[in-house]
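Engineer: Here it is, the structure in full.
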Amino acid sequence: MPYLIPPRTPLTPEQVERGFDYLLALQRGGAPYAAEQGEATPELTFVLLRLAEDIIWPVTAVDGETADPCADSFALDEIGCVLLSALRDWALDSPDTTVLNIARSIIRFTVNVVPDPDHADTADTLEAMRDERLVRAHVVHSAPRAHR
């Protein structure tokens with residue numbers, strides 16, 4: 001069964017900042033430094049799961065824009081589905097370790113699958129991702145009749 005991302009209200013700019021602050025703190029200084037960003041809460045778990053979807057799904061999914069889909073395309077699509085499903089299951093089964101481990105998974109995915117040639121350092125890549133998502137969040141949440 002494919003991993004479906006249901007229509008949802010986009011993250012707020014504050015949620016985007018909080019999630020990426022945690023990711024950047026972990027990338028730059030490790031778990032103790034990330035823990036200084038705040039308590040691991042259900043909301044942070046939710047935010048990190050949503051960021052994982054926003055980062056992993058576009059890279060792995062086979063969609064209408066996939067040029068010449070092949071067996072490898074569909075395998076990558078399934079790997080993305082499995083990874084996102086595993087992260088969701090992790091959030092449900094191990095709430096005490098979820099935030100740190102989802103964040104580590106996002107960072108590992110960014111390092112190994114989404115290297116950015118314009119940003120040699122992973123922290124720079126995460127900052128660029130944060131900036132893109134902040135722009136989108138501000139646009140969506142400042143639009144007339146935006147979900148608040």
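Taken together, the values in this text are just the output of simple stated rules run on the coordinates, not laboratory data. Small disclaimer: the values here were computed from a predicted structure and weren't measured. Note: ideal-geometry Cβ built from the backbone for every residue, glycine included; neighbour counts use all protein chains shown.
Engineer: Could you tell me whether segment 73-126 comes out rounded, prolate or oblate from its Cα gyration tensor? Rule is a ≥ b ≥ c as square roots of the eigenvalues, rounded for a/c under 1.5, then prolate if a/b exceeds b/c, otherwise oblate.
Structural biologist: Oblate, since a/c reaches 1.5 and b/c is not below a/b.
Engineer: Toward the positive end of the charge dipole of segment 22-66, about the Cα centre and with charges on Cβ (Lys, Arg +1; Asp, Glu -1), which of Ala34, Phe46, Val62 goes farthest?
Structural biologist: The Cα lying farthest towards the positive end belongs to Ala34.
Engineer: Next question. Assuming 0.36 nm per residue, please report the length gained on full extension of the stretch Asp96 to Asp118 beyond their Cα-Cα distance.
Structural biologist: 4.4 nm
Engineer: Could you work out how far apart the two model spin labels at Asp131 and Ala75 are, taking each label as a point 7 Å from the Cα in the direction of the beta carbon, and quote it in nm?
Structural biologist: For Asp131 paired with Ala75, the spin-label model returns 3.6 nm.
Engineer: Compute the FRET efficiency between Glu14 and Val82 as 1/(1 + (r/R0)^6), taking r as their Cβ-Cβ distance and R0 = 22 Å, and round to the nearest 0.05.
Structural biologist: So, using R0 = 22 Å, E works out to roughly 0.10.
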